[in-house]
Amino acid sequence: MARQYRSTLRGEQVRATRRAVVAAARDLFVERGFAGTTIDAVAMRAGVSRKTVFNAVGGKAALLKVAWDWALVGDDAPIALADRPAIRGMLEESDARSVVDRWAELVCEIAARLAPLYGVLQAAAQVDPDVAELHTTSERNRLGGARTFVEHVAEVGGLRHGLDVDRATEVAAVLMDPMPYQRLVTEAHWSMEEYVALIARMAGAALLR
């Protein structure tokens, strides 16, 4: 029993250290950019050694990837976005308008978490091949998420006549982009409610019958 307790405590300490390292890296990436952030700065901000940063997560590209992945889902639990309750709930809706409304709330919440890192990711992708791969994967996953949403709208009979799934997916993917959130909410000081309502209206007008 004592051994299990020590193992559990050790696991919690490792997880807490990893969280501290990733949080420090995320904040520094937002403040200084990818190029301006160093492993030493991350270590200092997290209150750990340089070696611990590498052991807990890895180099700068790995730090950005984990920070991005956690921002996408909202925490560090090992549960894929597709398996989260918000996604499952949306896919259980049978009314197309309700599907769009729930989707709008979900993608706006995700955009709020991703927006601070999105510019960092785009800039770093130009100079670091590992980050470029992360950016490519992220864009592909966004398109895949948009397709899942659109296919469900089509399944419940809500997709606008004459609009095929491929074209609708492209529209939805654009509405999922984090940069409009950055422009309207962060910079222009729209409320979250206003932004969600805008995305819901635009998606409804573009996609629904």
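The values are calculated or read from the model by the stated rules, or taken from the named source; none is laboratory data. A quick note: this is a predicted structure, and the numbers were derived from the prediction, not measured. Cβ atoms come from the backbone with ideal geometry, glycine included; neighbour counts cover every protein chain shown. Please note that ligands, DNA and RNA were not included when accessible areas were found on the heavy atoms of the full protein model with its side chains. Shrake-Rupley method; radii C 1.70, N 1.55, O 1.52, S 1.80 Å.
See the values below:
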read-out: Residue within segment 49-62 that is of a type in the set (A, V, I, L, M, F, W, C), closer than 26 Å to residue 186 by Cα and touching a helix residue (DSSP H, G or I) at 6+ places or on another chain (Cβ under 7 Å) present; value: yes
read-out: Selection count where residues are open to solvent by 30 Å² or more (accessible area, probe 1.4 Å), over 17 Å from residue 115 (Cα atoms) and either touching a helix residue (DSSP H, G or I) at 6+ places or on another chain (Cβ under 8 Å) or in contact (Cβ under 8 Å) with a residue 40 or more places away in the chain (or both), scope segment 154-193; value: 8
read-out: Pick from segment 38-79, criterion β-branched (Val, Ile, Thr), without any contact (Cβ under 8 Å) to a residue 24 or more places away in the chain and part of a loop (DSSP other than H, G, I, E, B), ranking: most open to solvent (accessible area, probe 1.4 Å); value: 79
read-out: Matching helices (runs of 4 or more DSSP H) fully within segment 111-209 where at least 2 residues are more than 30 Å from residue 60 (Cα to Cα); value: 129-155, 165-175, 192-207
read-out: Verdict on residue 103 being out of contact with any strand residue (DSSP E or B) (no Cβ under 7 Å at 6 or more places or on another chain), more than 22 Å from residue 170 (Cα to Cα) and assigned to a helix (DSSP H, G or I); value: no
read-out: Selection status of residue 124, within 24 Å of residue 67 (Cα to Cα) and buried (at least 20 other Cβ atoms within 10 Å of the Cβ); value: yes
read-out: Near pairs, Cβ below 6 angstrom, 6+ apart or cross-chain, from segment 14-36 (open to solvent by less than 50 Å² (accessible area, probe 1.4 Å)) to any residue that is polar (S, T, N, Q) and not in a helix (DSSP H, G or I); value: 28/37; 29/37
read-out: Some residue of segment 127-144 being over 30 Å from residue 36 (Cα atoms) and either hydrophobic (A, V, I, L, M, F, W, C) or out of contact with any strand residue (DSSP E or B) (no Cβ under 7 Å at 6 or more places or on another chain) (or both); value: yes
